[in-house]
Amino acid sequence: MAPAAEPYVVEDCRGAVQLMSDGTVRRSAEPAFHVDVPDDADAAVEWRDATYDAERDLNGRLYRPRHLGAANDARVPVVAYFHGGGFCIGSGRWPNFHAWCLRLAAELPAVVLSFDYRLAPEHRLPAAQEDGATAMAWVRDQAARDPWLADAADFSRVFVAGDSAGGNITHHMAVRFGKSGLGPQVRLRGHVLLMPAMAGEARTRAELECRPDAFLTTEMSDRYARLILPEDTTKDYPVLNPTGPEAPGLEAVAMAPALVVAAEHDILRDRNAHYARRMKEEWGKEVEFVEFAGEQHGFFEVDPWSERADELVRLIRKFVVDHMDSE
């Protein structure tokens, strides 16, 4: 009897996760991206890890600025943050995401709650969005019971933010919870979508003209789609294409203001622009769209200490300040 063939790699995502021919999944314990975090990066921020869903072993990393006063007016806004990674890879504990959240906590300033979520292909969409909702419910519950957060956090000024896959989750949290869907103590003031992950069956110009050396290529995006979409769905699945032909209209949904950030050389640029335009012009939402010229997907986490990352932090800070008391 011939020996069984060794399983081989069918899909590979940056070496961090591989789908094998026998259906098994191999995950690397090492981050896909290595970013140096300076020794003094947390001088202005203290952080700790917490579990927000024990049944599914889902965790978050919590950040708060140091040296805040005890008075209520010394409390700072809250940013619930969801990392990127094509819904297949990534963790808030990876150094690139950790560095970015350190910057946001120190420089906005804000209490930043960085959440992991279930990943594909083991857990296909909408598992990530379901976990996002669980994380937001955890935020609501912690507002009343966690002194470490309550001493620093103003839960009446909550923002939801995320990059790439996390930006997609941010959209769905905006739709699901509106402005006041988390109860009287937690008020959602705005949403920050950084190059949010979206797809569709019809190619965009940015996808067709993708440079082979791009950080995120069209081929990579197609690979992620094969790994994350439920069976018998296409890239127009509304969770992945929230303004596509199969998506429901959002005219009746009361949503907090949104900041949508795109990059000129990102294959998602056209989809992000279409999303912002449809949300604003067709569905009447308050949306600010900003495109970073000359940049690629995720530039601020490839190099969290760059001048363009500085510029993005200033943009987010202005959005938070402008909307922390919005109605």
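The values are calculated or read from the model by the stated rules, or taken from the named source; none is laboratory data. Quick caveat, the model's predicted, so the values are computed rather than measured. Glycine gets a Cβ as well: all are built from the backbone with ideal geometry, and neighbour counts include every protein chain shown. To get the accessible areas, we keep the full protein, side chains included, count just its heavy atoms, and leave off ligands, DNA and RNA. Shrake-Rupley method; radii C 1.70, N 1.55, O 1.52, S 1.80 Å.
Would you work out which of Gly294, Pro65, Ala153 lies farthest towards the positive end of the dipole of the chain? Charges go on Cβ: Lys and Arg +1, Asp and Glu -1.
Ala153
Loop-only check: which GluC sites (Glu not before Pro) in segment 196-262 are DSSP coil with at most 15 other Cβ within 10 angstrom? Mind showing how you got there, number by number?
Details: sites: Glu201, Glu207, Glu209, Glu219, Glu231, Glu246, Glu251; in loops: Glu201, Glu209, Glu231, Glu246, Glu251.
Answer in residue order: Glu201, Glu209, Glu231, Glu246, Glu251.
Using the Cα centre of the chain as the reference point, and only Cβ charges (+1 on K/R, -1 on D/E), how large is the resulting charge dipole? Debye, rounded to the nearest 20.
Values: 36 positive and 53 negative charges, 144 e Å.
Using only the charged Cβ atoms, the result is roughly 700 debye.
How much solvent-accessible surface does Ser306 expose, in Å² to the nearest 10, with a 1.4 Å probe and all protein chains in place?
30 Å²
How much accessible area does Leu268 have with a 1.4 Å probe, in Å² rounded to the nearest 10?
It works out to around 10 Å².
Report, in deg cm²/dmol and to the nearest 500, the calculated mean residue ellipticity at 222 nm for the chain, where each DSSP H run with n ≥ 4 adds -39500 (n - 2.57) and the sum is divided by the residue count.
On the way: 9 runs with 94 residues, N = 327.
The per-residue figure over the chain is -8500 deg cm²/dmol.
Once you place label points 7 Å from the Cα toward the Cβ at Asp236 and Asp222, how far apart are they in nm?
1.9 nm
If you line up the long axis of helix 218-228 against the longest principal axis of the chain, both from Cα atoms, how many degrees apart are they, to the nearest 10?
The helix 218-228 is inclined about 80 degrees to the chain.
For segment 1-115, what % of the accessible area comes from carbon and sulfur atoms, probe 1.4 Å? Can you show the working numbers first?
Working: 2660 of 5560 Å².
So the carbon and sulfur contribution to the accessible surface is 48 percent.
Tell me, what is the per residue accessible area of segment 23-324 in Å², probe radius 1.4 Å? All intermediate terms of the calculation are to be shown ahead of the outcome.
Details: 12430 Å² over 302 residues.
Accessible area per residue, segment 23-324: 41 Å².
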